[in-house]
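Q: Got a structure for you, questions after.
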Amino acid sequence: MKYGTVFGVAFPRTHALVTSRAKFLKFLLIGTILLCTSYALAQAAPVAWVVNNLSETLSEVDLGNGQVVTNAISLGSIPNDIVINGDVAYVVNSLSNNVQIINLSVQQTTGTVEIYLGLNPYFIVLDGEDRAFVSNWMTGNVSVLDLNAMIEIDTINTCLLYTSPSPRDL
């Protein structure tokens, strides 16, 4: 199942309709109705994964019964974003300057992709199964990652530091 994120919380992509912060309240109302309706018909209870920025952990929320498994997985320093594809989560750790790859079915980190050509990675977007783009807030560029090889393969310069807005949001 494909997932999307809403402010560090991963939801099935069919329900992650938020594209900007201005639409958050509208999404919350409509999304809650959609989640309640569609999940009542699902066979397995859906879960949401929540990045806990201050405790540097990932928590699992059972959306069927509301139970929370807090601090299920340890993350790097200052985790900011998560995107999920199937049973694999990609978490951007800003201060660690990496992307952590987690197998959610066994709740273990399987690897990391170090960001060498950027500083303060912030958001991540997947491009298929084998490539991702990560915005680097402090250096004003976007890192291109090869997820199979687990390496940073390129950067896309978007602006000069301190002279124009940096690519915090993707």
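Q: Mind checking the full-extension length gain between S55 and M138? Use 0.36 nm per residue of separation minus the Cα-Cα distance, one decimal, nm.
A: Between S55 and M138, full extension yields 27.6 nm more.
Q: Listed highest first by mean packing, meaning other Cβ atoms within 10 Å per residue, what order do 87-97, 120-130 come in?
A: The most tightly packed comes first, giving 87-97, 120-130.
Q: Give the accessible surface of the range 40-117 per residue, rounded to a whole number of Å², with probe radius 1.4 Å and ligands, DNA and RNA excluded.
A: Ligands and nucleic acids excluded, the result is 48 Å² per residue.
Q: Let me ask something else about it. Show me the three semi-axes of the equivalent ellipsoid for the range 84-165, from the C-alpha gyration tensor (sqrt of 5 times each eigenvalue), largest first, rounded to whole Å.
A: Largest first, the range 84-165 gives 24, 12, 10 Å.
Q: Could you give me D for the range 52-104, from Stokes-Einstein at 10 °C and 1.306 mPa s, where the hydrodynamic radius is the Kirkwood radius over C-alpha pairs? Units µm² s⁻¹, please.
A: Reported coefficient: 139 µm²/s.
The values are calculated or read from the model by the stated rules, or taken from the named source; none is laboratory data. Predicted model only: the values in this text are computed from it and were never measured. FYI the Cβ positions are ideal-geometry reconstructions off the backbone, even for glycines, and counts take in every protein chain you see. Areas reflect the complete protein model, heavy atoms only, side chains present, ligands, DNA and RNA absent. Shrake-Rupley method; radii C 1.70, N 1.55, O 1.52, S 1.80 Å.
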